[in-house]
Each structure stands twice: as C-alpha cells, then as structure tokens.
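Everything below concerns the one structure shown next.
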C-alpha cells in the first residue's frame with residue numbers, strides 16, 4: 001500500500017476493469033512497475049483498484065494489449081481538489097478574501113480607552129497619541145509595543161505620575177494617574193538676603209526689606225544685601241520681616257575644557273533597507289523587501305507583532321526588520337576651528353549649570369594649549385545673575 005500522504009499530493013484514481021484475463025492484466029502491470037493497491041474482486045470478471053495518477057499514461061498503454069473494458073470511477077487527491085476549486089473559483093476567492101479581510105480587521109486599532117484622567121488631560125493624551133501615530137484604523141503591527149508607548153507618553157506628559165498601557169483585542173486601554181499638586185502658600189519667616197557669591201552689583205530691586213547695597217558695589221560671599229529688620233535708625237526694637245527682592249550681580253566663572261583635534265566615530269549614512277516577514281516558529285517567509293544587503297557595517301532593528309484572528313492569537317508573527325548602514329568618519333579640526341569649537345563647548349557647559357534667567361555678557365580665553373593631540377582652554381566668563389539667597393533672622397541678632 002502506497003504512502004497515503006504521497007498519493008494525496010500526487011493524486012490517485014479508482015479504476016474498474018471488466019473482461020477476461022484480468023489476472024494476467026494485473027500481473028502485466030506489476031511487471032511494468034505500475035503500482036496498484038486495494039485490489040477488490042467485484043464479480044467473476046470485474047476488479048476495482050487504485051492507481052497513481054502518475055502511472056495513468058503507462059496504464060492506458062498497457063491496457064490496449066488486453067481485451068478489457070476500463071472505467072475510471074473517481075479521482076482523489078490534491079490535483080482533483082484543485083481542479084474542483086478552479087471550477088468554483090468564485091467561492092474560493094470569496095473564502096480567501098473573507099479570511100484575509102477578517103485577519104486584517106483583527107489586527108487594526110478600533111478603540112482607544114482612557115481612564116483616570118480629567119477632560120483636559122485626556123484631550124492632551126489623545127493629541128499626543130495622534131502625533132505618535134496611535135489612532136483608530138491603524139494596523140497594530142505599525143505601532144510600537146505597549147512598553148514603548150508607555151515610556152514615550154510618560155516623557156511627553158509632565159502632568160501625569162503614571163500611565164499604564166494595555167492592548168486588549170483591538171482596543172488600547174490607558175490607565176492614568178495624574179499629579180496632585182495642591183497649591184499651598186509658602187510660609188517664609190523673618191529673613192535677610194545675603195550674597196551667594198562674590199560679585200559686582202548691577203541691578204537692585206527690593207520688594208520688602210531695607211536695601212544695604214547699591215549698583216556698582218563690590219560684595220563678598222555672605223555679605224548682607226537686604227535687611228529684614230525695618231524701622232527708624234533711632235528705634236531700639238525694629239520689626240523683623242521676610243526680605244524679598246532681586247539683586248543681580250556680575251559674577252565671574254572660569255571653565256576648563258579640552259577637545260581632541262582628531263576624532264573617529266561611527267555615523268548613519270542615511271541609507272536603510274526594510275524587510276518584512278511572516279514567521280512561524282523558526283521559519284521565516286519574506287513578504288516584502290527582497291535582495292541581498294551588502295552594507296559593510298550596519299545595525300539591525302526588529303519590531304515583532306503577533307498576528308490575531310478575531311480574539312485568538314495566531315502562532316504567526318509579523319516582523320519588520322530595518323537595516324541601517326553605518327560608516328566610519330574621522331573628524332579633524334585645525335587649531336582655529338578647535339579653539340572656536342572648544343569655546344562653544346565651554347559656553348554650553350556653563351549655561352547648563354546656570355539658572356534660566358542668567359545672562360552671559362562676556363568671555364575671554366585665559367589660557368590656550370595644544371598637547372597630545374588635544375586643545376585645552378581656560379575660558380573666563382562674565383555672567384549677570386540673581387545672587388541673593390535667604391538667611392533666617394535669629395532672635396537676638
């Protein structure tokens with residue numbers, strides 16, 4: 001008996017043979033290596049048996065030598081199934097189209113639910129999701145995974161403490177915890193304003209308290225700028241208040257920076273190729289993006305999404321693989337270019353440490369040196385900033 005799977009794919013035919021000398025005819029087929037199986041006697045001169053579709057041509061040639069009547073009862077196997085399917089191609093295409101349509105609809109976003117947020121915060125979240133490409137009608141495999149969505153949304157929203165993201169079926173569920181920042185009046189006790197560091201006074205604005213310095217005065221760190229004790233000079237006991245004001249002074253900073261004259265690093269060339277696969281276990285079927293990638297250096301990024309059919313998760317994975325080309329670049333500076341770049345670097349480093357309202361008004365290179373392939377600078381900066389800090393007034397002062 002032939003292997004059932006092989007005969008299913010190659011096809012088989014049920015044959016009825018009638019006439020005299022059928023036994024000699026079957027023996028002749030055996031000598032001609034024409035395989036038959038499930039031979040049954042239906043009468044004194046009638047047999048039925050199965051014949052491989054591949055042997056049909058040799059069978060017809062052999063049967064001509066015998067005076068037998070041959071009837072082909074039915075064909076079985078994939079060739080005959082395919083032939084029947086082609087006869088009913090409308091139903092076949094309709095079935096395939098229906099399956100593909102349900103598969104696509106099952107992997108689209110049809111709902112976005114946001115809970116725990118005020119109407120204003122919900123509007124802001126929806127706006128951010130639109131910018132991130134998360135909206136109804138988008139395919140799920142073109143959207144980042146839930147961890148990436150949660151991380152990106154947390155970085156974009158400053159008024160939420162936590163956001164949870166969950167994908168259920170075709171709906172994204174967002175659970176939001178907003179920041180609770182009750183506005184409480186700041187209670188400040190009696191205090192003076194003193195200099196935080198050495199400076200030359202440039203602006204004096206006192207809201208409450210008695211100013212003790214004027215414009216162009218040189219002050220040292222800890223020197224009294226605005227007194228929280230107010231009253232007449234001859235008055236023994238003065239009123240203690242919380243001194244308030246802005247005292248802007250010119251402060252000096254020296255920033256040291258070094259910069260290599262020659263640096264090797266890797267950059268993306270801007271050229272990239274995207275491949276799409278449908279994976280089943282370790283087997284990968286490419287569906288878009290064929291051809292060999294011949295980049296000398298590259299980095300691969302893969303985004304995987306499980307495919308679903310209605311509410312069931314299929315053992316199929318859609319994979320989008322992005323291959324980005326990298327190239328080695330050597331950056332070289334002349335002495336003049338290195339000094340200019342180093343000054344800019346020193347300025348940016350200083351600004352990162354200064355308050356937002358501080359203003360850099362001048363700069364000067366104090367020391368310049370090139371050694372071991374590096375330029376080293378000491379840069380002097382003039383900065384105008386608020387130098388006043390509070391100092392509590394202790395009873396008895």
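Values in this text are rule-based calculations from the coordinates and carry no lab data. Remember, predicted model here, so these are calculated numbers, not experimental data. Cβ: placed from backbone, ideal geometry, glycine included. Neighbour counts: every protein chain shown.
Numbers below:
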quantity	calculated
Cα-based helix-to-principal-axis angle, 78-87 vs the chain, degrees rounded to 10	80 degrees
Two-site label geometry, residue 154 and residue 348: point separation in nm, points 7 Å out along Cα→Cβ	2.8 nm
Share, in percent, of DSSP beta bridges within the chain that are antiparallel, nearest 5	95 percent
GNM top mover of 54, 349, 107 - the chain, alpha-carbon springs below 10 Å	54
Highest-MSF residue in the chain out of 338, 199, 352 [GNM, Cα springs under 10 Å]	352
Tail weight of P(r) past 20 Å, computed on alpha-carbon pairs of segment 281-367, percent	67 percent
Rh by Kirkwood over Cα pairs, then Stokes-Einstein D for segment 195-320 at 1.567 mPa s and 4 °C, µm²/s	57 µm²/s
Protection-proxy order for peptides 306-314, 169-177, 209-217, each taking the mean of Cβ atoms within 10 Å per residue, highest first	169-177, 209-217, 306-314
Percent of C-alpha pairs per 10 Å bin, segment 4-82, short to long	19, 55, 23, 3
Cα-based helix-to-principal-axis angle, 119-131 vs the chain, degrees rounded to 10	60 degrees
Part-to-part distance (alpha-carbon centres) for segment 8-37 and segment 145-174, which is given in Å	69 Å
The chain - percent relative contact order, Cα under 8 Å, separation 6 or more	13 percent
Cα-derived Rg to Rh of segment 111-178, Kirkwood definition	0.92
Choice from 145, 55, 303 showing the highest fluctuation, given a GNM over the chain with Cα pairs closer than 10 Å	55
Within the chain, helix-based [θ] at 222 nm, where runs of 4 or more DSSP H residues each add -39,500 (n - 2.57), nearest 500	-7500 deg cm²/dmol
Cα-based Rg and Dmax for segment 264-330, where Dmax is the largest Cα-Cα distance (Å)	15.4, 53
Computed over segment 51-191, Kirkwood Rh from alpha-carbon pairs, angstrom	21.4 Å
Of (1) 177; (2) 142; (3) 279, the label for volume of the Cα convex hull per residue in Å³ derived from the coordinates	(3)
Rounded tilt (10° steps) of 335-353 against the dominant C-alpha axis of the chain	80 degrees
Mean Cβ neighbour count within 10 Å, used as a protection proxy, ranking 358-367, 241-250 highest first	241-250, 358-367
Ordering of 255-261, 119-125 by burial proxy (mean other Cβ atoms within 10 Å per residue, highest first)	255-261, 119-125
Cα gyration tensor shape of segment 194-259, rounded if a/c is under 1.5, else prolate or oblate by comparing a/b with b/c	prolate
Simple spin-label estimate for residue 276 and residue 122 in nanometres, 7 Å along Cα-Cβ	3.5 nm
Relative intensity, log₁₀ I(q)/I(0), of segment 132-230 from a Debye sum that treats every alpha carbon as a point, q = 0.13, 0.14, 0.22, 0.23 Å⁻¹	-0.64, -0.67, -1.10, -1.15
Tensor-based shape of segment 328-378 (alpha-carbon gyration tensor, a/c under 1.5 rounded, otherwise prolate or oblate)	prolate
Approximate spin-label separation residue 92-residue 138, in nm, with each point projected 7 Å along Cα-to-Cβ	3.9 nm
Theoretical gain in end-to-end length, residue 239 to residue 62 [0.36 nm per residue, Cα-Cα removed]	50.9 nm
